[in-house]
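Participant: Structure below; questions to follow.
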Amino acid sequence: MEIQLSVIIINYNGKHFLKDCFESLQIALKNIQHEILVLDNNSQDGSCDFIKQNYPNVFLIESKINFGFGKGNNEAVKKAKGKYVLLFNNDTILLDDISPAIKILEERSDVGVIGIKMLNANKEYVPVFGNFPNVSNMFMMKKLQQMGEEFATGNFSKPHYEVDWLGGSFLLLSKELFQGVGGFDEDYFMYVEDVDFSKKIANRNLKRLFVPEMSYIHYVGFNKSKNPLLIKGYKIFIKKHTKGLDKLMLSLALTTNSMVKKLKLALRLD
């Protein structure tokens, strides 16, 4: 039978998350012809043996090096057989049938990629989308996700919303589009590759759609210790997607942001 959906999971030392992740997919995707592909980034925690022993139907790609998130997804999608791909983190639990989201992609040619509501380990709403970089949000990154009251509270009144970018822990799109935009830019190792990916889809005049009626739990997420990687990622984004005065102003704002963060860290103010 034809596979409709390929679920792509990048794993690095995430053995303790895999059982819950796989079992949630089995339940939520029971009405969808699907496959699960895991690219393992040279884990040292026995992840590969665990998958082979307990989930023989999972297609396992064992890398001998750590590709990172973007390149790992690019390599895995090459092996995917589905018309659609779901890029899904290993430290996640899918809570709902995503057939309605697939239906949107089937019926609306103006939609490129879909994201759904993310919850943390305590099942509290967490924004997983944002605005493309501008001078204001490069100076104060918390403004990247300031998009109005509904986005701040998680109390949504509409079935879907257009956003600039969607977070990489859940991205649903056609395999054709993923490959058409060249997948993830491999100059990013971790962080901001999802913003870049959404920008490439936006450049095709395709919508990035947030659909809050479906949700998933994401256990780990971002923490402040990873700020240097975030700064590095946005430096790459600005270099690739801006020019002239805009590029100069964004770079200046980001540099100032980085200096303030370093000062706060040195003075133990943050």
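The values are calculated or read from the model by the stated rules, or taken from the named source; none is laboratory data. Since we're looking at a predicted model, the values are computed, not measured. For neighbour counting, all protein chains shown are included, and Cβ atoms are generated from backbone atoms with ideal geometry for every residue, glycine included. Heavy atoms of the whole protein, side chains included, go into the accessibility calculation; ligands, DNA and RNA do not. Shrake-Rupley method; radii C 1.70, N 1.55, O 1.52, S 1.80 Å.
Participant: Just to confirm my numbers, what's the Cα centroid distance between the range 7-82 and the range 123-154 in Å?
Facilitator: 30
Participant: Counting only the backbone N, which residues of the range 119-154 are under 17 Å from the spot 7 Å out from the Cα of THR242 toward its beta-carbon?
Facilitator: From the range 119-154, the list is 130-146.
Participant: Could you tell me whether the range 40-82 comes out rounded, prolate or oblate from its Cα gyration tensor? Rule is a ≥ b ≥ c as square roots of the eigenvalues, rounded for a/c under 1.5, then prolate if a/b exceeds b/c, otherwise oblate. Could you put the intermediate results ahead of the total?
Facilitator: Details: a/c = 3.08, a/b = 1.17, b/c = 2.63.
It is oblate, given that a/c is not under 1.5 and a/b is not larger than b/c.
Participant: Another question about this same structure. Starting from the Cα gyration tensor of the range 108-171, take the square roots of the eigenvalues, sort them a ≥ b ≥ c, and report rounded, prolate or oblate (rounded when a/c is under 1.5, otherwise prolate if a/b is larger than b/c, else oblate).
Facilitator: Working: a/c = 1.56, a/b = 1.12, b/c = 1.39.
Taking the square roots of the gyration eigenvalues as a ≥ b ≥ c, the range 108-171 is oblate.
Participant: Now for a different question. To the nearest µm²/s, what D does Stokes-Einstein give for the chain at 20 °C and 1.002 mPa s, using the Kirkwood radius over alpha carbon pairs as Rh? Numbers along the way, then the final one.
Facilitator: On the way: Rh = 19.3 Å.
The Stokes-Einstein estimate is 111 µm²/s.
Participant: Which whole-number percent gives the relative contact order of the chain, counting Cα pairs below 8 Å spaced six or more residues apart? Before the final figure, lay out each step's value.
Facilitator: Details: 482 pairs, mean separation 58.3, N = 270.
This gives 22 percent for the chain.
Participant: Now a separate question. With a probe of 1.4 Å, find how much accessible area the range 65-141 has per residue, and write the answer as a whole number in Å². Intermediate values should be presented prior to the final figure.
Facilitator: Details: 3100 Å² over 77 residues.
Dividing the accessible area of the range 65-141 by its residue count gives 40 Å².
Participant: Over the C-alpha atoms of the range 1-77, what are the Rg and the largest Cα-to-Cα span, Dmax, in Å?
Facilitator: For the range 1-77, the Cα radius of gyration and maximum Cα-Cα distance read 12.2, 35 Å.
Participant: Taking 1 over the mean of 1/r across every pair of different Cα atoms in the range 127-270, what Kirkwood radius in Å do you get? Walk me through the numbers on the way to the answer.
Facilitator: On the way: mean 1/r = 0.0609 Å⁻¹.
Computed over the range 127-270, the radius equals 16.4 Å.
Participant: Calculate, in nm to one decimal, what GLN26 and ASN203 gain on full extension: separation in residues at 0.36 nm each, minus their alpha carbon distance. If you can, show how the numbers build up before the last one.
Facilitator: On the way: separation 177, 0.36 × 177 = 63.72 nm, distance 3.47 nm.
This chain segment gains 60.3 nm when fully extended.
Participant: Next up: Less than 20 Å from a label point 7 Å out along the Cα-to-Cβ axis of ASP187: which backbone N atoms in the range 66-84 qualify, by residue?
Facilitator: From the range 66-84, the list is 67-75.
Participant: In the range 1-69, what GluC sites (Glu not before Pro) fall in a loop by DSSP, with at most 16 other Cβ atoms inside 10 Å?
Facilitator: Within the range 1-69, the qualifying GluC sites (Glu not before Pro) (loop, at most 16 other Cβ atoms within 10 Å) are GLU2.
Participant: Is it possible to state the helix-based mean residue ellipticity at 222 nm for the chain, with each DSSP H run of 4+ residues giving -39500 (n - 2.57), the sum divided by total residues, to the nearest 500 deg cm²/dmol? What is it? Spell out each step's value before the answer.
Facilitator: Working: 10 runs with 105 residues, N = 270.
Calculated mean residue ellipticity at 222 nm is -11500 deg cm²/dmol.
Participant: Something else now. Hey, what's the Kirkwood Rh for the range 60-216 if you take every pair of different alpha carbons, in angstrom?
Facilitator: Working: mean 1/r = 0.0617 Å⁻¹.
Hydrodynamic radius (Kirkwood, Cα pairs) of the range 60-216 is 16.2 Å.
Participant: For a label point 7 Å from the Cα of LYS81 along Cα→C-beta, name the residues of the range 32-63 whose backbone N is under 13 Å from it.
Facilitator: Under 13 Å, as judged by backbone N against the label point of LYS81, lie 33-37, 57-60 of the range 32-63.
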